[in-house]
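One structure is given here, and the rest of the page talks about it.
The values are calculated or read from the model by the stated rules, or taken from the named source; none is laboratory data. Remember, predicted model here, so these are calculated numbers, not experimental data. Cβ placement follows ideal geometry from the backbone for every residue including glycine, while neighbour counts extend to all protein chains displayed.
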């Protein structure tokens, strides 16, 4: 019944290979069982906008737990270190009633506090409007078609934002450099976006357009494989930045074809350098496709990832990036040996089965997580070489135990000091009765997660946790109260491995065993 509500529901490709079977045999059977033709023929689900984006738009940026109105002249300009709230109002065809959508956009480098505040402020805005708006959570790089369409091909994502989030509310925005490079990528004039990248020559690639801002010029650079829409958007954005970047204007806009760059262009990028390029007359590039390969469910499955970006790469899995002229196999450091072997077998079968005009001998390139070459990362807009380092896993359970231990230490210290003072310096006379004091102001109510004691493994049985909520149990961490043997048997991994998984994967596993 749930699936029936969706116009398109793709069934994941599953290869019927048991997770415990021999890897030597399983990799071959996976390659034989896969319906590669179905994967190659799959069409991307169409993302249909609710209207043409001509309604009324109001934008706020989140600062110090509050909404700060953004000047309409800056609509479409985002900073990756900030979070934003957008209210869009429109009227449906043949209707006089207004409809509302509240988008809250979360930059990749926005702090957890900012993201939480954006969600809370969105709820408050929704409540103030009687709960009528539709709320849409949007993460950087994953904007739906309608969101991007609101800015008519003038959406730009800059680096930086509030310098330290809420940890230093008086900090100014990160200072923008005099020189900046923007990667222009998309398939239509309305969904093409500019994202600021490292201003070096090796950030370029022949498949797309780029805009380079210098103190005197703005260059709209067209790669040999860039489409006409990307060039149009690059020219428009170059014109916008020429008159507004860093609040100053007067820059000359110059349109360049790849191979015709003046010396000043390369000097602004720190000199010429190798970048993923194609020669004149080579095969016109096609949109790259990304596939996730995993045995997390017990069988080897391959699923296509639409509208992919760097955040889709999960270190526990293997991914295949099909660029038509090359096939990359990206291997996560936490992926299993079975996933590695079966993915390589699948890659060979995928290339052999492709009947779309490509060369049958295209290279299959194995890439290790963290060691991605530019010919791989060039297909991910706004690739951040430090992305995985910045998001290194911190076990929340261990962090919580450390915080509790620190709190106990702090509260215990005054009691010890008081005992020492009283034992060596008893009062010479009876102390006067203490003066009456006003009743203390009640402390703010603790967040729900703060009123539960740290889970102790083995505290409750699986049945106890599935059939109710025992007193003191944190409902968001039911699994942490299981003993180690039951935990491992239930989730097929130990606690540390489970905690390191993405939240969506942990939630799915907990739902499957009745602990969500």
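Residues in the stretch 334-356 that are assigned to a loop (DSSP other than H, G, I, E, B) and over 21 Å from residue 379 (Cα atoms): how many?
Selection size over the stretch 334-356: 4.
Can you name every residue in the stretch 501-513 that is at pLDDT 85 or above and surrounded by fewer than 16 Cβ atoms within 10 Å (Cβ to Cβ)?
Within the stretch 501-513, just 513 meets the criteria.
Filter the stretch 335-371 for residues that are surrounded by fewer than 17 Cβ atoms within 10 Å (Cβ to Cβ), closer than 15 Å to residue 317 by Cβ and modelled with pLDDT of 90 or more and give the result.
If the condition is that a residue be surrounded by fewer than 17 Cβ atoms within 10 Å (Cβ to Cβ), closer than 15 Å to residue 317 by Cβ and modelled with pLDDT of 90 or more, then 337, 366, 368 are the ones that fit.
Which residue pairs have Cβ atoms under 6 Å apart, sit 6 or more places apart or on different chains, and have a first residue in the stretch 288-300 that is on the phi > 0 side of the Ramachandran plot and a second that is surrounded by fewer than 20 Cβ atoms within 10 Å (Cβ to Cβ)?
These pairs meet every condition: 298/19.
Among the residues of the stretch 316-334, what is the count of those that are farther than 14 Å from residue 289 by Cα and surrounded by fewer than 17 Cβ atoms within 10 Å (Cβ to Cβ)?
2
Considering only the stretch 265-284, I want to know if a residue exists there that is in contact with a strand residue (DSSP E or B) (Cβ under 8 Å, 6 or more places away or on another chain), outside any loop (DSSP other than H, G, I, E, B) and on the phi < 0 side of the Ramachandran plot.
Checked against the condition, which is being in contact with a strand residue (DSSP E or B) (Cβ under 8 Å, 6 or more places away or on another chain), outside any loop (DSSP other than H, G, I, E, B) and on the phi < 0 side of the Ramachandran plot, the stretch 265-284 yields at least one hit.
Looking at residue 360 and the list (1) assigned to a helix (DSSP H, G or I); (2) more than 27 Å from residue 155 (Cα to Cα), which single condition is not satisfied?
(1) is the only condition that residue 360 fails.
May I ask you to list the residues in the stretch 228-264 that are part of a loop (DSSP other than H, G, I, E, B) and modelled with pLDDT of 90 or more?
251, 258, 259, 260, 261, 262
Mind telling me which of the residues 195, 218 ends up being at pLDDT 90 or above, closer than 24 Å to residue 372 by Cα and part of a strand (DSSP E or B)?
Just a single option satisfies the conditions, and that option is 195.
Of all residues in the stretch 489-500 being within 23 Å of the chain's Cα centre (by Cα) and over 14 Å from residue 336 (Cα atoms), which is surrounded by the fewest Cβ atoms within 10 Å (Cβ to Cβ)?
496
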